[in-house]
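Novice: Following this message is one structure expressed as structure tokens.
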Amino acid sequence: MNLSSILLFIIDKMNGERTLNAGLHLLRGKKSGQTLQDVEYFDLRSFFGIWPKLDEFLYQQTVDELVKNELITTDQKFCRLTEKGKKEVNGFRCPQFKGWDYRGREVIFFGRIALAVQTISHFRSGSTSFTPIQRDREIQLFVKRLLEGKPLTEPEFGKRIGDELKRALVASGMSDRHKYIFSNRLTGNGVTAKTLDQLASELNSSPSGIYLLFIESLHMLLPAVESTDNFPFLKTCATDVKVHSYLTESALRTKKLFDQGYSMEDIVRVRNLKMSTIEDHIIEMAMNDELFPVTHFISEDSIQAVLSKSKELGTKRLKLLKNEFEKLSYFELRLILTVTREGEL
């Protein structure tokens, strides 16, 4: 796995209907209306926000490489796979990311584990003075509270935490390569965490490939920890890592008014926002609520007509569908496509 293979997955899903920048915004977890719609339209929740600080130069460099190798084309600003690219994607394993659930917060989970392991290791060795591997003040305070009153100097305590971590790694179902990367990112007394570059050189990979495997390992470990009480220490480390609400803060405020019976026009007035912004919020709400009352906005007949035409044309591009349904607004078309899950077309 590397950035090239991830991009091929995303471009394949977008089916030639989005520009190259759509992939960059998706991986960074941009909370714009367009990116959030793309997540739903093309069933891309797993990739959302898995690389919040993805460098634009690295992204473009990877795209150029894919074009050079004739795996993608970028005609008319839109990006699509070539036949060679499609064959390439078919040979990949499906990544096990859960970006929609964690949105970059998985590194907080690891940061807590890493600092806890470092602290326990040093105290068990009789060394109470060391430079924390984590500089984030909130992580430091979390770990301080987590370990407060614990028998840090007793070998049995450290062994119990180590055993719990080993069992959780096995329970997650991750590969030996995942486990190796995860464990070598930890620091202990006399043991320094390896950098992505060091691991890339050692495992004959790229730093981007190592990074993605590392994030994937966390996305596999977190659900294993969250779903049971068999890993109490790690479950505490996972506190508040998974997002509580999939809506943006502004959309949440709109939802409260909508749930109270306010019309879209009323919400525009109360919140002093543009109608287009409120429409984006409604789309967000529909994305994250399978029982969303879509027929409050548009008839069932119109919904079925749009879905049928979308399937016939093999497209989800709003401009093309607007040409077929002039009486429907762009908002109504977006809403229809949003509430229709991938595979229902």
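Novice: Using a 10 Å cut-off on Cβ atoms, rank the peptides 95-101, 83-89 from the highest mean neighbour count down.
Specialist: Taking the mean over residues of other Cβ atoms within 10 Å, the ranking is 95-101, 83-89.
Novice: With 27 Å as the limit, write out which pairs from LYS30/LYS77; LYS86/LYS194; LYS86/LYS316; LYS31/LYS256 have Cα-Cα distances beyond it, or answer none.
Specialist: LYS86/LYS194
Novice: Further, regarding this structure: Does the range 197-244 come out rounded, prolate or oblate by the C-alpha gyration tensor, with a ≥ b ≥ c the root eigenvalues, rounded set by a/c under 1.5 and, if not, prolate when a/b is larger than b/c and oblate if not?
Specialist: Note, shape of the range 197-244 comes out prolate.
Novice: What aspartates and glutamates sit close enough to LYS68 to cross-link, taking a C-alpha to C-alpha distance under 16 Å and skipping anything fewer than 8 places away on the same chain?
Specialist: Within reach: GLU83, GLU88.
Novice: What do you reckon, how do LYS144, LYS30 stack up by accessible area (1.4 Å probe), largest on top?
Specialist: Highest to lowest solvent-accessible surface, that is LYS144, LYS30.
Novice: Follow-up question, since we're still on this one. Of the GluC sites (Glu not before Pro) in the range 253-336, which ones lie in a loop per DSSP and count no more than 13 other C-beta atoms within 10 Å?
Specialist: Passing both the DSSP loop test and the Cβ count: GLU290, GLU326.
Novice: What angle, in degrees between 0 and 90 and rounded to the nearest 10, separates the Cα long axis of helix 3-14 from the longest principal axis of the Cα atoms of the chain?
Specialist: In the chain, helix 3-14 runs at an angle near 30 degrees to the longest axis.
Novice: If you count, for each residue, the other Cβ atoms within 10 Å and average over each peptide, how do 146-159, 223-236 line up from highest to lowest?
Specialist: Highest mean packing first, the order is 223-236, 146-159.
Novice: Taking only Cα atoms and a 10 Å spring cutoff, compute GNM fluctuations for the chain and point out the largest among ALA286, ALA305, ALA22.
Specialist: Most flexible of the set in this elastic network: ALA305.
Novice: Add +1 for every Lys or Arg and -1 for every Asp or Glu among the other residues with Cβ under 13 Å from the Cβ of GLN140, and state the total.
Specialist: For residues surrounding GLN140, the net value is +2.
The values are calculated or read from the model by the stated rules, or taken from the named source; none is laboratory data. Predicted model, so just to flag it, every value in this text is computed and none were measured. Methodologically, a virtual Cβ is constructed for each residue, glycine included, from the backbone with ideal geometry; neighbour enumeration extends over all protein chains shown. The accessibility values were calculated without ligands, DNA or RNA, using every heavy atom of the protein model including side chains. Shrake-Rupley method; radii C 1.70, N 1.55, O 1.52, S 1.80 Å.
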